[in-house]
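The values are calculated or read from the model by the stated rules, or taken from the named source; none is laboratory data. This one's a predicted model, so the numbers in the text were calculated from it and none came from an experiment. Quick reminder, even Gly has a Cβ in these numbers, built from the backbone with ideal geometry, and neighbours come from all protein chains shown.
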2 protein chains.
Amino acid sequence: MDKPLILVTNDDGITAPGIEALVNGMKKIGNVVVVAPDSPQSGMGHAITINNPLRLEHVHLFEEVEAYQCSGTPADCVKLAVDKVMHRTPDLLVSGINHGSNSSINVIYSGTMSAAVEGAIEGINSIGFSLNNYKFDADFEAAAHYAVKISEQVLKKGLEPGTLLNVNFPDLPLEEIKGLKICRQARAKWVEEFYEREDPYHRKYYWLTGKFVNKDHGEDTDEWAIQNGFVSVVPTQFDLTAHHFISELNTWEF
Amino acid sequence: MDKPLILVTNDDGITAPGIEALVNGMKKIGNVVVVAPDSPQSGMGHAITINNPLRLEHVHLFEEVEAYQCSGTPADCVKLAVDKVMHRTPDLLVSGINHGSNSSINVIYSGTMSAAVEGAIEGINSIGFSLNNYKFDADFEAAAHYAVKISEQVLKKGLEPGTLLNVNFPDLPLEEIKGLKICRQARAKWVEEFYEREDPYHRKYYWLTGKFVNKDHGEDTDEWAIQNGFVSVVPTQFDLTAHHFISELNTWEF
């Protein structure tokens, strides 16, 4: 039987150590094609490029793996890969491994997850992987190990249409990880604070900073899982309808 | 009693006719502050600016309204407005009126909606408004009329925490609009096609184009509503957890 066809992308850029770890893991279970941004795209959310043309360039970065760098966002990469690079719809799309967690509300801002959402919209089994460590030289070994296990299950069982997985890894060596937990997205948020500075011409400018605040004390959340040594797996959807609020709204007098 | 404090933003940029129509409507029911991008930001999804500083500039564009243009994305505008401009949490955030529909899957790519989502995350009653007409000189009169009615109800009743409204207007004069329908997000998608061209140096580049395909025949969807002369109102949430899929995933052998 043919090996599954796996599209790998990310948002930290094609030269990030996290994508290398993911590519090496996926090579064990499938035929891998990489289409990833040529520069870091963190915080790009589900941006797409409509006012500029896109470049796509063949690169030799991974042994025995067809790879392309793209000038666009993570969502652009997926769209271009499906339309211009892959010779058929891939069996699996994996995005990451992100340098930094995408648990909780971070799913909204995450380029890593937007690539996976785009894959799910295209009808591809899609997973976003992120490690709870922002550093360039983070250790991705345990994360890559679990990424392979989870990908194998998804390839075997298939996800429900309209859903994808948001997987976050605690920053721990393999032997200290307690296992895997199916979770819900924690109700946490960033409390913003902008640094205010003056440029050499005395005009103000601002840098976005923030503090992550989690007031959700549930033990079924992704935040709880990664803080307590588990790999969190959140089934995620792109139907944003708040179905539970429809009947209430129908009683309002517009 | 004090008039409600209303933050107005958009993604087409602060000089777009759609935001002018919205500001003029909101002036009738509250004290308005505008913080909006200094250039068009369509397709920006929930992008935030983390690698560049942001500029914020006081402008005189709207009569008797405090207004600022910002160099960032729509989500940046909301974050900056809350942290640096508003003197208290606004009672209402309205985003738009967007030139072009944000029904169905467009909610994912929409800068207009990302501003409203950001407001909801901040705990503000938030609404995104979009007109099903991309043209610069579209007629926003009917849309502004309904935007005021809907905003009044939201100010009176308050939305549930974690929810916001995605409102789309059909491109019709007021007397031809059949009313307002509470809807769910249609399961429709864009089928991408990239134009492939060559630059003067014989290097390829690509332009994103696509065809909107709706295979969802439900009459309770936003697409159905705007195609049939109704204003669509979709209660929207930023908890992306596919709660219905959790028990199934718990049976998988990871």
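The table that follows gives values for the structure above.
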| quantity | calculated |
| --- | --- |
| Boolean, residue A:76 is outside any strand (DSSP E or B) and either buried (at least 24 other Cβ atoms within 10 Å of the Cβ) or within 10 Å of the chain's Cα centre (by Cα) (or both) | yes |
| Scope the stretch B:34-53; condition surrounded by 21 or more Cβ atoms within 10 Å (Cβ to Cβ) and of a type outside the set (S, T, N, Q); matching residues | B:34, B:35, B:36, B:37, B:43, B:44, B:45, B:46, B:47, B:48 |
| Residue within the stretch B:232-248 that is more than 20 Å from residue A:246 (Cβ to Cβ), free of Cβ contacts under 8 Å to residues at least 60 places away in the same chain, away from chain A (no Cβ under 11 Å) and out of contact with any Ser or Thr (no Cβ under 7 Å at 6 or more places or on another chain) present | no |
| Checklist (1) more than 22 Å from residue B:136 (Cα to Cα); (2) in a strand (DSSP E or B); (3) of a type in the set (A, V, I, L, M) applied to residue B:67, failing item | (1) |
| Residue among B:149, B:189 that is within 23 Å of residue B:228 (Cα to Cα), in a helix (DSSP H, G or I) and at the interface with another protein chain (Cβ under 8 Å from one of its Cβ atoms) | B:149 |
| Odd one out for residue B:161, checked against (1) crowded, with 21+ Cβ neighbours inside 10 Å; (2) in a loop (DSSP other than H, G, I, E, B) | (1) |
| Where a residue in the stretch A:195-216 is within 11 Å of chain B (Cβ to nearest Cβ) and its partner, wherever it lies, is of a type in the set (Val, Ile, Thr) and assigned to a strand (DSSP E or B), with Cβ under 7 Å and at least six apart | A:195/A:209; A:210/A:191 |
| Unique match (being of a type in the set (D, E, K, R), touching a residue at least 12 places away in the same chain (Cβ under 8 Å), in contact with a helix residue (DSSP H, G or I) (Cβ under 9 Å, 6 or more places away or on another chain) and surrounded by fewer than 24 Cβ atoms within 10 Å (Cβ to Cβ)) among B:118, B:122 | B:122 |
| Which numbered condition residue A:159 misses (of (1) more than 9 Å from chain B (Cβ to nearest Cβ); (2) touching a residue at least 12 places away in the same chain (Cβ under 8 Å)) | (1) |
| Filter result (surrounded by fewer than 14 Cβ atoms within 10 Å (Cβ to Cβ) and either part of a strand (DSSP E or B) or of a type in the set (A, V, I, L, M) (or both)) within the stretch B:212-221 | B:213 |
| When residues of the stretch B:13-28 are limited to those that are under 15 Å from the mean Cα position of the chain (by Cα), free of Cβ contacts under 8 Å to residues at least 60 places away in the same chain and not in a helix (DSSP H, G or I), the one surrounded by the most Cβ atoms within 10 Å (Cβ to Cβ) | B:14 |
| Residue B:171 vs. criteria assigned to a loop (DSSP other than H, G, I, E, B) and within 11 Å of chain A (Cβ to nearest Cβ) | no |
| Residue list for the stretch B:82-91, restricted to those being at pLDDT 95 or above and either buried (at least 24 other Cβ atoms within 10 Å of the Cβ) or closer than 12 Å to residue B:35 by Cα (or both) | B:90 |
| Any hit, the stretch A:22-37, residues being more than 26 Å from residue B:48 (Cβ to Cβ), of a type outside the set (Val, Ile, Thr), within 14 Å of chain B (Cβ to nearest Cβ) and in contact with a strand residue (DSSP E or B) (Cβ under 6 Å, 6 or more places away or on another chain) | no |
| The lone exception for residue B:123 - which of (1) more than 15 Å from residue B:222 (Cβ to Cβ); (2) in contact with a strand residue (DSSP E or B) (Cβ under 8 Å, 6 or more places away or on another chain) it fails | (2) |
| Residue check for residue A:180: in a strand (DSSP E or B) and in contact with a Ser or Thr (Cβ under 9 Å, 6 or more places away or on another chain) | yes |
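Conditions tested, residue by residue: (1) closer than 23 Å to residue A:133 by Cα; (2) modelled with pLDDT of 95 or more; (3) not in a loop (DSSP other than H, G, I, E, B).
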site: A:166; (1), (2), (3): yes, yes, yes
site: A:193; (1), (2), (3): yes, no, yes
site: A:201; (1), (2), (3): no, no, no
site: A:210; (1), (2), (3): yes, no, yes
site: A:223; (1), (2), (3): yes, yes, yes
site: A:226; (1), (2), (3): yes, yes, yes
site: A:251; (1), (2), (3): no, yes, no
site: A:254; (1), (2), (3): no, no, no
